[in-house]
1. Once each part is reduced to its C-alpha centroid, what is the distance from segment 152-183 to segment 236-301 in angstrom?
2. Label-point separation (nm) for ALA225 and ARG252, each offset 7 Å from Cα along Cα-to-Cβ?
3. Taking neighbour Cβ counts within 10 Å as the exposure measure, how do VAL56, VAL91 sort from fewest upward?
4. Can you put LYS194, LYS289 in order, fewest other beta carbons within 10 Å first?
5. Ranking ARG74, ARG310 by Cβ neighbours within 10 Å, fewest first, what do you get?
6. Quick one: 3J(HN,Hα) in Hz for segment 108-118, Karplus 6.51/-1.76/1.60 with θ = phi - 60°, rounded, Gly and Pro as x.
Amino acid sequence: MRSPPDLQRRKGLLAALGLGATIAAPGQARTIASAAAPARPRSDDLRPQEAAPEQVASHWVATSDGIHLNVLERAPALDADAGQARAPTIVLLPGWCMPASIWRAQLIGLGARWRTLAMDPRGQGDSEIPDTGYTADRRADDLRDVLAGHERVVLVAWSLGVLEALHYVYRHGSDRLLALVLVDNSIGEPPAPKPSDFVQRLRRARAATVESFVRSMFAHPLAEAQIGSLRDAALRMPLESSIALLSYPLPREHWRAVAHAFDRPLAYLVTPRYREQSQHLLQARPATKIEVFEQAGHALFVDEAPRFNRLLADWIDSFAGPALS
């Protein structure tokens, strides 16, 4: 088994993205910050500045095929009798080649109320970069390994993570899930996305293509240091492995069927590009929570973090009850 990635490099990436973290090596217990969260924060108070960066911890999860995955975590510091036994756990799944730290505002904001985790999929962020495993089945199994031991999970998946979350449900069922949130990707509803030459551009000029992709994700530009950190993180994975993630050999109908059959609360949060798909999903599944972020980019949870956090908190409260009594 490979050794986990270098801890100093991990700390550097987290710092560049505004997430200092307590790092736990494999086999060590997680260290969670002890600073107390407010007794009952209102959902409109879930802003990134509410928590110091060091309140986000980091630990490893070993997959069933022996790969170390990095997981960021924040949880409120609570007394043992605070009524958290049945509280949801939020798990955040990033998109193509993106690091877990892109969920910074959600780790800090939602983590003030609920235990909140963000995972680096294999080959991404601070997880190991194996030669194999860049398939829908293996990535679904990786997600299963991260969710092991957790119950009442609200799984929030973005971009490529949408497909991987749906395939997880197809492959492993919904028993561990309390709810599923799909963020800004096609789910197999009409209309089909237009053909793209993105893979060809990756092969011709990878660095420039990735940087352009990163910049295009935001309607409100990030600082250059943050753009650079995300670009560099996206370039860690070998080229052919990154292309394999864009080439899952499954028909569009597969994703639609899983979404329609999902037996828990479902939310579909999108930019206008997927408005029509959201309308078709709502017709097929009227209980679905639909929200269109008209002014946001693809990374809508970054562009409109307070709105995104507030919407998720209110929606979770509607079926799970308040996190704190």
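Bear in mind that the values in this text are calculations on the coordinates, not laboratory data. Quantities reported herein were computed from a predicted structural model and do not represent experimental measurements. We place every Cβ from the backbone using ideal geometry, glycine too, and count neighbours over all the protein chains shown.
1. If you average the Cα positions of each part, the centres end up 11 Å apart.
2. Simple spin-label model gives 4.3 nm for this pair.
3. Working: VAL56 27, VAL91 24.
Arranged by neighbour count, lowest to highest, VAL56, VAL91 become VAL91, VAL56.
4. Numbers: LYS194 5, LYS289 18.
Ordered from fewest to most neighbouring Cβ atoms within 10 Å, LYS194, LYS289 come out as LYS194, LYS289.
5. On the way: ARG74 26, ARG310 18.
Ascending number of Cβ neighbours within 10 Å: ARG310, ARG74.
6. Taking θ as phi minus 60°, the curve returns 6, x, 5, x, 6, 10, 10, 4, 10, 10, 10 Hz for segment 108-118.
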